[in-house]
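S.K.: First the structure, then my questions, so here it is.
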Amino acid sequence: MALFRSGLLVLTTPLASLAPRLAPILTSAARLVNHTLYVHLQPGMSLEGPAQPQSSPVQATFEVLDFITHLYAGANMHTNLDIRILLTNIRTKNTFLPPPASSVQNLAHPPEVVLTDFQTLDGSQYNPVKQQLERYATSCYSCCPQLSSVLLYPDYEHGEPPVEPPVDPLPSTIRPSYPVARSPKQPVRGYGRGALGGTFDRLHNAHKVLLSVACILAQEQLVVGVADKDLLKSKLLPELLQPYAERVEHLSEFLVDIKPSLTFDIIPLLDPYGPAGSDPSLEFLVVSEETYRGGMAVNRFRLENGLEELALYQIQLLKDLSHKENEEDKVSSSSFRQRMLGKLLRPPHKRPELPSDLYVIGLTGISGSGKSSVSQRLKGLGAFIIDSDQLGHRAYAPGGPAYQPVLETFGTDILLKDGTINRKILGSRVFGNKKQLKMLTDIMWPIIAKLAREEMDLAVAEGKRVCVIEAAMLLEAGWQNMVHEVWTIVIPETEAVRRIVQRDGLSEAAAQSRLQSQMSGQQLVDQSHVVLSTLWEPHITQHQVEEAWALLQKRIH
């Protein structure tokens, strides 16, 4: 069980020897820290002897960059840890500015425990070494007053001394674009100003690699473009993206933590080129394997406009070993958003006015999102389904509670020969006409709400524990007051239009008009407790619904 919220891990083993032992070291650290783990690289430092060890510069080489990448890649096994490798003491070969005077660096989350891989001869928790470790940590970083210390010995688990692994170069993960015979020990060049860009949604370890490499290369200023507006439209599940301000807040905290000596200019990225295409003072651009072509396009754009090319540094993608069938095999924000599907996003409503032994879900989504499909899957799992569309049919039927009020409002020319209301004619009259639509909803919504409450009583009589109200206009009608949780199904608008055209035989323009009369997917998600999506194959939707149902059962029991 984790004991500390935040910690500092001081790594003293030479990087090439340390790399094979990283996994057990991170696992040991994860047992003690459950939130933020800062990592300080000081290879070759000794914690023995009377003199207090001092922080010393670490030469930025390609081995160091590769090690940082491998450390973040290994950290993916510990999802509870927000790992941040501190770069203050990592210097490039041509650092422009003199190193700052020795001072204590403030961290966003002051460490409560300091850990190290430094090994005493007998593998014991040698107290003077721990005291040296604590003194060293507090001389470098702001730590909690009651700082604890732990020596990590993953190799001593069976009482045997560690066997030194062979010192082999780490696999290459960073490639400069210009022809250079790079070797692990080759120093990395520093630059004054550089840039990188991305969405930076739910800051993850692949983001941290890109940002860390950029921070090591930059000596004065780093320009970070954060995708916004039109650049977000093509993203998977854009409704679940963190708001721009929230992404910038998390990004800024991370950057200031890892290298406070840099100036950071975080700006909205509104086109593919951003400042990298037009700022003459920039010297380098950090890209991933995926965005390398975009980096090349930026350089062509710069040449066309009389600017010098940027030095491109291409970073290898981090593999996601735990990705699911419908997820990307790389560490990616889109996979993280997919994993939010079915999970509770905000606390449920308390509804004391509802039947005490019935838990009510409001299932909504834009037209074509797959509400009927999901409600049938929930029915198969044991839910009582209230279909608001069927209630509408009942209300419209001759003798129904809405029949006469609708005729009085819209006239008898909406009737079929058998005296029933032609809902297609009525729909064509109100869709796209806000005034007419409001006249209809003012009649229908209160009536359907009353019928839904009667259905809830029937669900209780049948001994049902969960009731689902399926309604496209659930939130517009204010029916969230009748449910404990709102579940929304999201799909891209283009897919919704395609489904509506195929299902209802409407033109694309008519389908788009129907969607414009409803809340957008984003507006629905902003008021939802659970989000689902029918974008993938039916068996994936089924698994998603089953997972959401299982989590719901835990909540209500």
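S.K.: Modelling each spin label as a point 7 Å along the Cα-to-Cβ direction, I'd like the residue 344/residue 554 distance in nm, to one decimal.
M.R.: Taking the simple label geometry, residue 344 and residue 554 are separated by 0.9 nm.
S.K.: Which trypsin sites (Lys or Arg not before Pro) from segment 490-549 combine a DSSP loop assignment with at most 10 other Cβ atoms within 10 Å?
M.R.: none
S.K.: A further question on this structure: Loop-only check: which trypsin sites (Lys or Arg not before Pro) in segment 292-324 are DSSP coil with at most 16 other Cβ within 10 angstrom?
M.R.: Qualifying residues, ordered by number: 324.
S.K.: Please give, to one decimal in nm, the separation of the simple spin-label points placed at residue 435 and residue 458, each 7 Å out from Cα toward the Cβ.
M.R.: Computed distance between label sites residue 435 and residue 458 equals 3.8 nm.
S.K.: Need the full-extension length gain, residue 131 to residue 390, defined as separation in residues times 0.36 nm minus the C-alpha distance. One decimal, nm.
M.R.: Length difference between fully extended and current span is 86.0 nm.
S.K.: Need the full-extension length gain, residue 79 to residue 373, defined as separation in residues times 0.36 nm minus the C-alpha distance. One decimal, nm.
M.R.: 102.6 nm
S.K.: I would also like to ask the following. Round to the nearest 10 and report in Å² the accessible area of residue 120, as given by a 1.4 Å probe over the protein chains' heavy atoms.
M.R.: 10
S.K.: Quickly rank 30-43, 381-394 as a protection proxy: mean count of other C-beta atoms within 10 Å, highest first. Write down the numbers at each step before the final one.
M.R.: Working: 30-43: 20.6, 381-394: 18.6.
Result, highest mean first: 30-43, 381-394.
S.K.: Next question, about the same structure. Report the accessible area of residue 373, computed with a 1.4 Å probe over the heavy atoms of all protein chains in place, in Å² rounded to the nearest 10.
M.R.: Rounded to the nearest 10, that gives 50 Å².
S.K.: Between segment 504-533 and segment 214-291, how far is it from one alpha carbon centroid to the other, in angstrom?
M.R.: 31
S.K.: Still on this structure, I have one more. Can you compute the charge dipole magnitude of segment 298-387 about its Cα centre, using +1 on each Lys and Arg Cβ and -1 on each Asp and Glu Cβ, nothing else charged? Give it in debye, rounded to the nearest 20. Working shown, then result.
M.R.: Numbers: 14 positive and 11 negative charges, 79 e Å.
For segment 298-387, the charge dipole is close to 380 debye.
S.K.: Answer with one residue from 10, 172, 478: the one whose Cα lies farthest towards the positive end of the charge dipole of the chain, charges on Cβ with Lys, Arg +1 and Asp, Glu -1.
M.R.: Positive-most Cα among the choices belongs to 478.
S.K.: Let me know the number of lysine pairs in segment 419-557 closer than 19 Å at the Cα, not counting same-chain pairs under 8 apart.
M.R.: Final tally of qualifying lysine pairs is 5.
S.K.: Further, regarding this structure: Once you put a point 7 Å from the Cα of residue 234 and another 7 Å from the Cα of residue 356, both along the Cβ direction, what distance in nm separates them?
M.R.: In this crude spin-label approximation the distance works out to 5.6 nm.
S.K.: Apply 1/(1 + (r/R0)^6) to the Cβ-Cβ distance of residue 35 and residue 122, taking R0 = 30 Å, and write down the FRET efficiency to the nearest 0.05.
M.R.: Working from the Cβ atoms, E equals 0.40.
S.K.: Another question about this same structure. In deg cm²/dmol and to the nearest 500, what is the mean residue ellipticity at 222 nm of the chain if only DSSP H runs of at least 4 residues count, each as -39500 (n - 2.57), divided by the residue total? Could you put the intermediate results ahead of the total?
M.R.: Numbers: 17 runs with 200 residues, N = 557.
It comes out at -11000 deg cm²/dmol, rounded to the nearest 500.
S.K.: Something else now. Find how much the distance from residue 261 to residue 329 grows on full extension, using 0.36 nm per residue of separation minus their present alpha carbon separation; answer in nm with one decimal.
M.R.: 21.0 nm
S.K.: Sticking with this one: How big is the charge dipole of the chain about its Cα centre, in debye rounded to the nearest 20, if each Lys and Arg gets +1 on its Cβ and each Asp and Glu gets -1 on its Cβ?
M.R.: In debye, rounded to 20, the chain gives about 840.
S.K.: While we're here: Loop only by DSSP, 10 or fewer other Cβ within 10 Å of the Cβ. Give me the trypsin sites (Lys or Arg not before Pro) in segment 217-265 that pass, ordered by residue number.
M.R.: Counting only loop positions with at most 10 other Cβ atoms within 10 Å, the trypsin sites (Lys or Arg not before Pro) in segment 217-265 are 233.
S.K.: Put 304, 454, 485, 112 in order of accessible area, largest first, 1.4 Å probe: what do you get?
M.R.: The ranking, largest first, comes out as 304, 454, 112, 485.
S.K.: Follow-up question, since we're still on this one. Summarise the accessible area of the chain (1.4 Å probe, protein heavy atoms) by the percent that is carbon and sulfur.
M.R.: On the way: 13920 of 25760 Å².
Answer for the chain: carbon and sulfur cover 54 percent of the accessible area.
S.K.: Under a 1.4 Å probe, what is the accessible area of the chain per residue, stated in Å²?
M.R.: Counting only protein heavy atoms, the per-residue value for the chain is 46 Å².
The values are calculated or read from the model by the stated rules, or taken from the named source; none is laboratory data. Bear in mind that the values here come from a model prediction, so they are computed numbers and not experimental data. FYI the Cβ positions are ideal-geometry reconstructions off the backbone, even for glycines, and counts take in every protein chain you see. Each accessible area value is taken on the protein alone, full model and side chains, heavy atoms only, with ligands, DNA and RNA left out. Shrake-Rupley method; radii C 1.70, N 1.55, O 1.52, S 1.80 Å.
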